[in-house]
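Notes follow once the structure below has been shown.
Taken together, the values in this text are just the output of simple stated rules run on the coordinates, not laboratory data. Please read these numbers as outputs of a predicted model, since none were measured by experiment. Note that we place each Cβ from the backbone using ideal geometry, even for glycine, and neighbour counts take in every protein chain shown.
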Amino acid sequence: MPTLPITLAVITHNEADSIARCLDSVPFAAEKLVVDSGSDDDTVAIAQAHGARVLHQDWLGFGAQRNVASAQCSHDWILVLDADEYLSPELAAELERRLPALMDSATPAAWLRRRTIYMGRPMRWYRPNVGEKLARLYHRDRARWSDARVHESLRFEGAAPTFDAPFDHANNPTLAHKQLKVLRYAELKCRDWLDRGKPVRMWQTPLVFALAFIKDYLFRLAFLDGWRGYMIAHTAATYAAYKRMRYYEMVHNPESVAQAANQLQRHGIDR
């Protein structure tokens, strides 16, 4: 397949089970770049075997890590995927068809739609998992990732087109994977709050849990996906509440920041 002057950029840490599928789903990319933060499995070897240039970068947080990757790309146009994401054949064909015109324009970025695979099959109704729009394709001189440790976003000005076909997200193969991710993401978010001196509002926690569950289960239609939808809504509400409890602990017991970091590192969660 002819290649296009675009770089696929992926940040990794112990992604041996998924990195090959991610890289192979973008056959038209002239360059595939993996920025690894110290994997101790076969991630690096597998990525190299599937055509990627691999660089090491100690973990800086999601936003900063993605900006480092952008700076190391050989091409100005960049497609960003996580290791557990991959293009559908339909989106790969649409990108190959539409990218030349996009890359010749002054457009800063483009929106892609993400479809989530949860518990082995796609979610059908839960709105954030069905056609969620994410800015993942951009010109690096016209867009930049926020510096957030987690829940980073691509910042740009101007209109951006949306591609029709979805890419897929093999989201958390098991509930155990999801709970470990909740711990890690909450820790990163709370450190951002700590840096900013966010006020502690522990009284909001019960209300936040209830509102988060109602929002996802009812208004975002999770209930139509049966028990899988219930579990997604409950996990989201638990995450919203746990962040506030953990932040309360960080503020009132500062030693817990280092103590928790050491514990999470022992289990390969923090980096």
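Remarks
- Paramagnetic label reach from S153 (point 7 Å along Cα→Cβ; backbone nitrogen cut-off under 18 Å): within the range 112-130, residues 112-114, 128-129.
- HN-Hα J in Hz across the range 37-49 - Karplus 6.51, -1.76, 1.60, θ = phi - 60°, x for Gly and Pro: 9, x, 4, 10, 10, 9, 3, 5, 4, 5, 4, 5, 5
- Here the label points at K215 and D42, each 7 Å from Cα along the C-beta direction, are separated by 4.2 nm in the simple model.
- The value of relative contact order for the chain, using C-alpha pairs under 8 Å at least six residues apart, is 17 percent.
- Selected from G51, G131, G226 as most flexible by GNM, with the chain as the system and alpha-carbon contacts under 10 Å: G226
- Residue order, fewest to most surrounding Cβ atoms within 10 angstrom, among S18, S105: S105, S18
- Amide proton proximity set for A30, modelled H, under 5 Å, gap of 5+: L4, I6
- Separation of the range 100-171 from the range 214-271 is 24 Å, based on Cα centroids.
- The residue list A236, Q265, A29 was ranked by how far each Cα lies along the charge dipole of the chain toward its positive end, using unit charges on Cβ atoms, and A236 comes out on top.
- Within a straight-line Cα-Cα reach of under 14 Å, K189 can be paired with the following aspartates and glutamates, leaving aside sequence neighbours fewer than 8 residues apart in one chain: D147, E152, E249, D270.
- The angle between the Cα long axis of helix 175-196 and the longest principal axis of the Cα atoms of the chain comes to about 80 degrees, rounded to the nearest 10.
- The calculated 222 nm mean residue ellipticity attributable to helices in the chain amounts to -13000 deg cm²/dmol, summing -39500 (n - 2.57) over DSSP H runs of n ≥ 4 and dividing by all residues.
- Selected from T43, T107, T174 as most flexible by GNM, with the chain as the system and alpha-carbon contacts under 10 Å: T174
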